[in-house]
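Have a look at the structure below, then the notes.
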Amino acid sequence: MPFAEEELRIDLMCRMDEDGHWRGTVALNADARALRRLGLHPDQPASAVDGPSPPAWWHAAGERYARRGRRS
């Protein structure tokens, strides 16, 4: 795993909805230094899109290859 345990915080927030059912939300927070180490921090240029998206045929080919690899 690319993160150490102390670099992550997981929060569970629960509440009772109007219909009486419990609802839960999970929030995952990562330490900014860990994101920088992986090149994922929003302040780093590598984390932003810097060019056009690949053409549609490229995405379609990737999906075809992914389906071929599945074993049922």
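Of note:
- Taking every Cα-Cα distance in the chain and sorting them into 5 Å bins starting at zero, the pair-distance distribution P(r) comes out as 3, 11, 11, 10, 10, 13, 18, 15, 8, 1 percent.
- Listed residue (Gly20, Gly51, Gly39) projecting farthest to the positive dipole end of the chain, Cβ model: Gly51
- Here the Karplus curve 6.51 cos²θ - 1.76 cosθ + 1.60, taken at θ = phi - 60°, turns the phi angles of segment 2-12 into couplings of x, 10, 7, 4, 6, 8, 10, 9, 10, 10, 10 Hz, with x standing for Gly and Pro.
- By average C-beta atoms within 10 angstrom, highest first, the peptides 59-65, 35-41: 35-41, 59-65
- Mean residue ellipticity at 222 nm, helices only, the chain: -8000 deg cm²/dmol; runs of at least 4 DSSP H residues each add -39,500 (n - 2.57), and the sum is divided by the number of residues.
No lab work stands behind these numbers, since they all come straight from the coordinates. Note that the coordinates shown come from a computational prediction; the quantities given were computed from them, not determined experimentally. Ideal geometry is used to build each Cβ from the backbone, glycine not excepted, and the neighbour counts take in all protein chains shown.
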